[in-house]
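Comments concern the structure below.
Since every read-out is calculated from the coordinates, none of them should be taken as a lab result. Just so we're clear, the structure is a prediction, and the values are computed from it rather than from any experiment. A quick note on method: Cβ atoms are made from the backbone with ideal geometry, for glycine too, and the neighbour counts reach across all protein chains shown.
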Amino acid sequence: MTPQSPGAPAPGPEADVLDFPLPPPGTMGPPETCARLRESRPVTRVGLLMDATAWYVTRYEDVRALLADPRLIRPTINDWPPRPGPAADDGPGLVTMAELDGPRHLALRRSVAPAFSAGAVRDRLPRIQALADRLLEEFAAGGPPGDLVAAFTEPFPLLVLCDLVGIPWQDRDWFLPVLDAALGGMVTAEEGRRVTGLLHAYVAELIARKRSRPGDDVLTLLVRETEDGTLTDDEVTAFGLSMLTVGFGISGFFLAGSVHTLLRRPDQWARLRDHRDLMPGAVEELLRYMPVMNGTVLLLATEDVEVGGQTVRAGDAVIPVLASANRDESAFADAGRLDLCRADNPHLAFGRGTHNCVGAHLARAELTVGIEALLDRFPGLRPARSRQPLWDDQSVTKSPLTLPVGW
Ligand code: HEM
């Protein structure tokens, strides 16, 4: 579960609860506040929606430790906001892979690993490149100027995912608005539960379709594994829900943010265009530098935990701020500078530990192919003179909503 929207500080005696830090309107971030917090209040309380608060953790070492600490779990929507007593039993909840734990989580990770391995993604590169080329051909045909988000950075990772996982591309007009509602559903718990129920029903129907009409895709593969009991339907459902909720949106945000950032540095754009051997390191640096994950991972302490000298009590929510950790000077020299040739880059963009990103190799391939396809087709790509990008200034995942470009 992710706290997609910030909220006002919770009322009550805790006067030192901060407003949820957001980048200044019209900018990406990470919030300037993060740099100050790393200095003086590296573990501090912030307000979330529904009168909840969380510990906001900004230093690299603390974030790194938290991500792999088994004493903190990822809460389902039914456990949110945290309250004493057993979790509410009112609906299916948005149980994705992140909220599974223990042997069942391990079994599912084992089953999906081959499809998302570095080798499998490498074998798939020609298909991924063909999808990028198809979209850019259509974009080019529309002539300049055009919006690169609507035409490319948004649909491209979704096309790749649908093709790999076996989600029908033509269903997107139905599931995209439902996903928007589910991920913004923290506004009221009831609405969140209603839309997650719809998503559950959709994935259950997809699983039934794969049983009756198997395809050459990851969902079919997993459905087969239910036949001998290696996996259960609930686990395949958790996988399907994961793909819908985190399998394409974040890649699109990173791609849009990366292109936006590079186009504002024409020298860097030209350097990449002319020195393709820089791409692997450049992609890692863009993953470190892009401030998309300003607070999207939400953890719940199951026992008292010491974090950066602060006692976090059992039941407290904790947000390890990946975008802030990736700009921590104690881990990265000249952390605020985009250095496409950075040598030592242990960024935390894909998390860490048993819940680290399943799709890391795929995400890297999407960024690489996406940027290279743009460099090939539009070597002179530039921000459109007449229009500025639009931003969703209320979202914690910052990336441009539109990217007007010319060529
Ligand atoms: C640039 C793009 C991406 C970034 C930065 C990213 C980042 C992350 C992070 C930080 C986590 C860990 C969250 C936590 O600790 O709770 C995560 C988990 C996950 N990601 Fe990604 N992700 C990206 C793309 C993808 C893609 C393309 C897929 C699949 C197609 C994917 C699938 C998953 C899944 C299934 C999990 C949950 C794993 C588990 O709990 O076992 N991600 N991702």
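How many percent of all Cα-Cα pairs in the chain sit more than 30 Å apart?
Taking all Cα-Cα pairs of the chain, the fraction more than 30 Å apart is 41 percent.
Given an 8 Å cut-off on Cα distances and at least 6 residues of separation, report the relative contact order of the range 265-407 as a percent. Mind showing how you got there, number by number?
Working: 179 pairs, mean separation 37.2, N = 143.
It rounds to 26 percent for the range 265-407.
Taking the dipole about the Cα centre of the chain, with the C-beta of Lys and Arg at +1 and of Asp and Glu at -1, give me whichever of Leu67, Gly119, Ser242 is farthest to the positive side.
Value: Gly119.
Only loop residues by DSSP count here, and only those with at most 13 other Cβ atoms within 10 Å; note down the GluC sites (Glu not before Pro) in the range 298-407 that meet that.
Working: sites: Glu303, Glu306, Glu329, Glu366, Glu372; in loops: Glu303, Glu329.
Listed in order of number, the matching sites are Glu303, Glu329.
Mind listing which GluC sites (Glu not before Pro) in the range 223-272 are in a DSSP loop and have 11 or fewer other Cβ atoms within 10 Å? Mind showing how you got there, number by number?
Working: sites: Glu225, Glu227, Glu235; in loops: Glu227.
Those that pass, being in a loop and sparsely packed, are Glu227.
Work out the FRET efficiency for Glu190 and Ala150 from their Cβ-Cβ distance, taking R0 = 30 Å, and round it to the nearest 0.05. Spell out each step's value before the answer.
Values: r = 32 Å, r/R0 = 1.06.
Between Glu190 and Ala150 the formula returns 0.40.
Limiting things to C-alpha atoms, what are the Rg and the maximum Cα-Cα separation (Dmax) for the range 137-261, in angstroms?
16.5, 54
If I model a spin label at Ala120 and Asp19 as a point 7 Å from the Cα along the Cα→Cβ vector, what separation in nanometres do I get?
It is 4.5 nm.
Could you give the length gained by full extension between Leu106 and Gln170, i.e. 0.36 nm per residue of separation minus their alpha carbon distance, to one decimal place? Don't skip to the answer; put the middle values down first.
Working: separation 64, 0.36 × 64 = 23.04 nm, distance 3.19 nm.
Additional length available on full extension: 19.8 nm.
With label points built 7 Å along Cα→Cβ from the Cα atoms of Arg337 and Gln394, find their separation and express it in nm.
So the label points at Arg337 and Gln394 sit 3.9 nm apart.
Restricting things to alpha carbons, find the Rg to Rh ratio for the range 264-305 using the Kirkwood radius for Rh.
Ratio value, two decimals: 1.30.
Farthest toward the dipole's positive end in the range 209-326, which of Pro320, Thr226, Leu300, given Cβ charges of +1 (Lys, Arg) and -1 (Asp, Glu) about the Cα centre?
Pro320
What's the long-distance tail for the range 309-363, i.e. % of Cα pairs beyond 15 Å? All intermediate terms of the calculation are to be shown ahead of the outcome.
Numbers: 923 of 1485 pairs.
For the range 309-363, the fraction of Cα-Cα distances above 15 Å is 62 percent.
Under unit Cβ charges (Lys, Arg +1; Asp, Glu -1), what dipole magnitude, rounded to 20 debye, does the chain have relative to its Cα centre?
Values: 41 positive and 54 negative charges, 182 e Å.
The dipole magnitude comes to about 880 debye.
Which value, in Å to one decimal place, does the Kirkwood hydrodynamic radius take for the range 206-355 when every pair of different Cα atoms is included? Mind dumping the intermediate values first?
Details: mean 1/r = 0.0534 Å⁻¹.
Hydrodynamic radius (Kirkwood, Cα only) of the range 206-355 equals 18.7 Å.
Using alpha-carbon pairs under 8 Å, 6+ residues apart, how would you state the relative contact order of the chain in percent?
Working: 685 pairs, mean separation 109.1, N = 407.
Contact order relative to length: 27 percent.
Based only on Cα atoms, what mean projected area does the convex hull of the range 305-407 have, in nm²? Working shown, then result.
Working: hull surface 40.1 nm².
Dividing the Cα hull surface by four gives the mean projection, 10.0 nm².
What order do you get for His260, His275, His105 when you list them from fewest to most C-beta neighbours inside 10 Å?
Details: His260 20, His275 12, His105 17.
The order, fewest Cβ neighbours first, is His275, His105, His260.
Could you give the dipole magnitude of the range 318-407 about its Cα centre, charging the beta-carbon of Lys and Arg +1 and that of Asp and Glu -1, in debye to the nearest 20? Intermediate results must be reported in sequence, preceding the final value.
Numbers: 10 positive and 10 negative charges, 58 e Å.
The dipole of the range 318-407 has a size of about 280 debye.
Fully extended, how many nm does the chain gain between Arg127 and Arg385 (0.36 nm per residue separation, minus their Cα-Cα distance)?
Working: separation 258, 0.36 × 258 = 92.88 nm, distance 3.38 nm.
Gain on extension, Arg127 to Arg385, equals 89.5 nm.
Give the calculated FRET efficiency between Thr302 and Met50 to the nearest 0.05, with a Förster radius of 30 Å applied to their Cβ-Cβ distance. Walk me through the numbers before you get to the answer.
Details: r = 21 Å, r/R0 = 0.69.
Once the sixth-power term is evaluated, E becomes 0.90.
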